[in-house]
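See below for the structure under consideration.
The values are calculated or read from the model by the stated rules, or taken from the named source; none is laboratory data. If you're wondering where the values come from, they're calculated on a predicted model, not measured in any experiment. A quick note on method: Cβ atoms are made from the backbone with ideal geometry, for glycine too, and the neighbour counts reach across all protein chains shown.
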Amino acid sequence: MFSFCPHYPTHYSRGWQHILNCSTLMKKAIISCSCRHFWGWLNAVFNKVDHERIKAVGPDRAAAEWLLRCGAKVRFQGFDRFHQDYNALPTGPLGRYRIQAIDATESCIMHKGFGHLDGLKNLEEIRFKKCIYIEDGCLEQLSSIENLQNSVYLMEVVSCGNVTDKGIIALQIERNEAVHISLVGVGQRHARFYVPDEYQST
């Protein structure tokens, strides 16, 4: 049987305590890393474009489901308020409800899901605020959607740290000249836009 030795060197005890502390920190780091990977994977799943769903319920309904699933809000034509509850989306005949505005504040939408926007013909307003997955590539992809070039007149990009002037400039190519761009907290911001000065705000 082993017994505690009162003369056991204290520096050995401190050494073991240090090892235990490091082990605990490593476990926490592994758990934290695993959580980040899990949420990243889950967000990618939420953003996956389901073409069969689009065919079944129409582009506006499918896009609304995607946006709400990712934490964004939508406003339909004829409504004053935004819808945020996935289970409370209005139901009706195919194509009855058309998305007019999107508020993606603090949502997890990413470029994988932007294919949902291809069929939207009545979208006029888009707001990106504190969207950690929105980057220049997302805005470049957005600028290539022909329907949105003809309908969107208000675009807000606020505190999206991965967006630079490169993404903003891409938005202006072949877009409605009256589009209103509001930029707050955008990295490397420069006043180089294809819109009249009266429509720009910072």
Here is a check on your reading of the model: is Ile54 buried (at least 19 other Cβ atoms within 10 Å of the Cβ) and at pLDDT 95 or above?
yes
From the option list Glu146, Glu125, single residue qualifying as buried (at least 17 other Cβ atoms within 10 Å of the Cβ) and of a type in the set (D, E, K, R) is Glu125
Give segment 107-158 a look and list any residue that's in a strand (DSSP E or B), among the acidic types (Asp, Glu) and over 17 Å from Leu68 (Cβ atoms), or say none.
Glu156
Which one of Val158, Val163, Val186, Val152 is surrounded by 20 or more Cβ atoms within 10 Å (Cβ to Cβ), more than 23 Å from Lys48 (Cα to Cα) and at pLDDT 85 or above?
Val152
Quick one: which of Tyr133, Tyr199 is surrounded by 15 or more Cβ atoms within 10 Å (Cβ to Cβ) and at pLDDT 85 or above?
Tyr133
Qualifying residues in segment 70-108 (those that are closer than 17 Å to Arg127 by Cβ and of a type in the set (Ser, Thr, Tyr)) - the one surrounded by the most Cβ atoms within 10 Å (Cβ to Cβ):
Ser107
